[in-house]
1. Starting from segment 8-27, take each residue that is surrounded by fewer than 10 Cβ atoms within 10 Å (Cβ to Cβ) and list its partners that are at pLDDT 85 or above and in a helix (DSSP H, G or I), counting only C-beta distances under 8 angstrom and pairs at least six apart or across chains.
2. Could you list, ordered by first residue, the pairs with Cβ atoms under 6 Å in which the first is in segment 48-62 and in a helix (DSSP H, G or I) and the second is among the small types (Gly, Ala, Ser) and surrounded by 13 or more Cβ atoms within 10 Å (Cβ to Cβ), at least 6 apart or interchain?
Amino acid sequence: MKTLVKNFLLSVSSPERPKLSEAEYLKAEIEEARKKINYAWNRFDYAAPEYVELAVLELLLVETHYCLLNKRYRIMLGINKPFFSFDSHLQYHALYGTFFNTSSH
């Protein structure tokens, strides 16, 4: 009886999706990281004063993860143009961006 129910459920279930290629998987991860960045910025924008430091660290973490995913994706595609330099990378982080963008305020 148990086997009959299992076979019935397998026949009714949706067909399996094809496996994602590594590039497609990385693109999905990059998109997920973008969503996390937006969420972290929202948390930073509305953070109570005692949570600002935590929100900045969260931003630093998700932005670094996003940068690493992009770097891996570019390497996979064979793009050899320098994408990452430490100085330019720091300009995009929430914590360090304030130091680099003080002249634009």
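The values are calculated or read from the model by the stated rules, or taken from the named source; none is laboratory data. Note that the structure is a prediction, hence the values are computed from the model and not measured. Counting neighbours? That spans all protein chains shown, and the Cβs are built from the backbone with ideal geometry, glycine included.
1. none
2. Pairs that qualify, where the first residue is in a helix (DSSP H, G or I) and the partner is among the small types (Gly, Ala, Ser) and surrounded by 13 or more Cβ atoms within 10 Å (Cβ to Cβ), are Ala55/Ala47; Val56/Ala94; Glu58/Ala40; Leu59/Ala40; Leu59/Ala94; Val62/Ala40.
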